[in-house]
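Visitor: First, the structure itself, so that you have it in front of you.
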Amino acid sequence: MKLGDSLPEFSLNNQEGHLISSTDLKGRNPLVIYFYPKNFTPGCNREACGFRDSFEEFSAKGAQVIGISADSVASHQKFATHYKLPFILLSDSKNKVRKLFGVKSNFLGILPGRETYVFNKEGNLTFKFKSMGADAHIEEALKHI
């Protein structure tokens, strides 16, 4: 994806098993969509908790936060409950949305990539960031909303 591109169309189940469609999200609020490798791993725990701890700042800017990984709906539900995550987690078990966004694997293709995308209210990409370090994703997303 390039800056200015429109939010791709996709539908995935959230941690409650409800189908969430990108077309329902577009045109409402700015969106922060972050892709992460796996629930209950050190870097992903840190990133999710960072988004959780900054959730009020994102909300104050009108932004909705969405995390996406290949983990199952059941795993997302446990992850969200355990860490008290106030935002949506989407299950991309077949990595279709990851591929749609062009998120590349890291470490010789072993680990799914960690990337964050910021879309404006109109659904256009205004910022994207790639780093295996978790903390910078929260800071950079907040700067670019």
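Only the coordinates and a few stated rules stand behind these numbers; no lab work does. Just so it is clear, the model here is predicted, and its values are computed rather than measured. Note: ideal-geometry Cβ built from the backbone for every residue, glycine included; neighbour counts use all protein chains shown.
Visitor: Find the relative contact order for region 11-143 and round it to a whole percent, using C-alpha pairs within less than 8 Å whose residues are 6+ positions apart.
Guide: 32
Visitor: Here's a follow-up. Under a crude label model (7 Å from the Cα following the beta-carbon direction), how far is S105 from E139 in nanometres?
Guide: Spacing of the two 7 Å Cα→Cβ label points: 3.0 nm.
Visitor: When only alpha-carbon atoms count, how far does region 1-79 stretch along each of its three principal axes, as whole angstroms with the largest first?
Guide: The Cα atoms of region 1-79 stretch 32, 26, 24 Å along their principal axes.
Visitor: Taking the Cα-to-Cβ direction at L19 and at N124 and moving 7 Å from each Cα, how far apart do the two end points lie in nm?
Guide: Between L19 and N124, the label points sit 3.0 nm apart.
Visitor: Still on this model: Sorted by packing (mean other beta-carbon atoms within 10 Å per residue), highest first, where do 24-35, 56-67 land?
Guide: Taking the mean over residues of other Cβ atoms within 10 Å, the ranking is 24-35, 56-67.
Visitor: Compute the projected area of the convex hull of the Cα atoms of the chain, averaged over all viewing directions, and report it in nm² to one decimal place.
Guide: Its average projected convex-hull area is 7.5 nm².
Visitor: For every helix of n ≥ 4 consecutive DSSP H residues, a contribution of -39,500 (n - 2.57) applies; sum these over the chain, divide by its total residues, and give [θ] at 222 nm rounded to the nearest 500 deg cm²/dmol.
Guide: Result for the chain, helices only: -8500 deg cm²/dmol.
Visitor: If you take the C-alpha gyration tensor of region 62-145, multiply each eigenvalue by 5 and take the square root, what semi-axes do you get, largest first, in whole Å?
Guide: 20, 18, 13
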